[in-house]
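The values are calculated or read from the model by the stated rules, or taken from the named source; none is laboratory data. Since the structure is predicted, the reported quantities are computational estimates derived from the model, not experimental observations. Here the Cβ positions follow ideal geometry from the backbone for every residue, glycine too, while neighbour counts run over all protein chains shown.
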Amino acid sequence: MSRAFTVRVPCSSANIGPGFDVVGLALSIFLELKVRIDPSASGVEQNCKIVNVGEGAADLPTLADENLITRTALYVLKCHDISSFPATTFVTITNPIPLGRGLGSSGAAVVAGVMLGNAVGQLGLSKDRMMDYCLMIERHPDNVTAAMMGGFVGSYLRELDPVDMERKEIPLSEVLPEPAGGIDTGLQPPKPPYGIGHHIKFGWAKEVKAIAIIPNYELSTASSRSVLPKTYGAKDLIFNLQRLAVLTTALTRSPPDAELIYQAMQDKVHQPYRKTLIPGLTEILASVTPKSHPGLLGICLSGAGPTILALATHNFDAIAEEIVGRFKKEGVECAWKVLEPAYDGAEYIEE
């Protein structure tokens with residue numbers, strides 16, 4: 001039978017100041033898959049025709065075993081003894097999430113792929129179980145948890161028993177095999193253990209919006225992680241833990257306490273080390289404050305960067321233009337958007 005449905009997945013911002021690899025926030029830019037399954041169609045390679053629209057569309061793969069979204073879907077299907085997409089599956093991927101900017105574009109793609117596999121295979125997986133599949137591919141839970149579950153979330157990977165630990169660090173190539181491996185590659189991929197990750201949703205004051213200031217260049221997560229130290233001193237870790245303990249409650253309070261939130265969003269674990277990769281970062285984080293710009297609550301690097309995230313209740317234009325202007329002095333052009341939390345996370349909509 002013919003079927004049609006839509007999958008929508010929000011972008012996300014990770015870290016939110018002191019919460020390095022711990023917290024994530026789903027935001028209102030949505031990756032969207034329009035999917036149609038038409039058994040009467042024929043002659044489509046791998047039973048799946050992909051059309052890419054939006055950010056990076058010209059450079060994204062259109063073969064099912066090369067595109068991250070459909071490769072992820074195939075992994076989920078193969079874990080359930082389904083070797084391919086139903087004939088014939090048409091997928092239009094519309095992506096407005098900037099690539100390589102610290103807004104969780106790859107995390108959204110992984111979540112969309114798991115949702116797609118669940119939907120086309122009619123597997124009936126819960127969101128919690130789908131998270132296990134996401135975490136087999138994306139080992140950092142902050143972005144994928146926010147994108148799947150929605151809202152402002154804290155997450156962690158649990159310590160697994162020895163048998164599961166053998167599978168925990170399976171190379172990505174075994175989960176999402178490279179397409180050059182041939183038609184049989186990855187036909188029996190490793191299934192994820194149950195409950196790899198756990199999360200909790202925090203509250204969020206209704207007045208608080210997020211301004212994303214998005215520089216016009218990409219910064220890979222690998223590059224951004226490469227500048228971080230291998231070990232940290234107790235003083236810096238305690239600094240971040242103290243602020244994170246305050247921040248997760250401070251952002252729930254209405255009206256928000258700007259001074260409390262601003263100080264609670266300070267960080268000594270990742271932002272100071274990434275300043276060499278993002279022109280003007282130190283000055284921006286230090287000089288745009290609630291006193292200089294009323295309405296501002298806090299400011300931080302979004303994920304691995306280079307996007308800057310400013311939480312605010314009003315005065316959005318002035319706050320954004322100040323940060324855009326500071327980037328411009330460094331020769332960097334930026335776009336900016338005011339975003340709302342995406343409370344529902346990833347959605348499946350039957351048509």
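Before moving on, here are some points about what is shown:
- Strands (runs of 3 or more DSSP E) contained in region 18-95 and holding at least 2 residues of a type in the set (F, W, Y) and under 22 Å from T307 (Cβ atoms): 19-37
- Screening S28 with (1) within 13 Å of the chain's Cα centre (by Cα); (2) surrounded by 23 or more Cβ atoms within 10 Å (Cβ to Cβ) gives one miss only, at (2).
- Selection within region 1-17: residues that are assigned to a loop (DSSP other than H, G, I, E, B) and among the hydrophobic types (A, V, I, L, M, F, W, C). The member of this set that is farthest from R158 (Cα to Cα) is M1.
- Residue in region 175-185 that is out of contact with any Lys or Arg (no Cβ under 7 Å at 6 or more places or on another chain) and modelled with pLDDT of 90 or more present: no
- If you filter region 314-351 down to residues that are touching a helix residue (DSSP H, G or I) at 6+ places or on another chain (Cβ under 8 Å) and part of a loop (DSSP other than H, G, I, E, B), you find that the one that is farthest from A112 (Cα to Cα) is E333.
- Failed criterion for G102 (all others in (1) part of a helix (DSSP H, G or I); (2) closer than 18 Å to E138 by Cβ hold): (1)
- Positions within region 43-69 being at pLDDT 95 or above and among the polar types (S, T, N, Q), in sequence order: N52
- Any hit, region 287-302, residues being modelled with pLDDT under 95, in the same structural domain as E322 (by TED's automatic domain parsing) and part of a helix (DSSP H, G or I): yes
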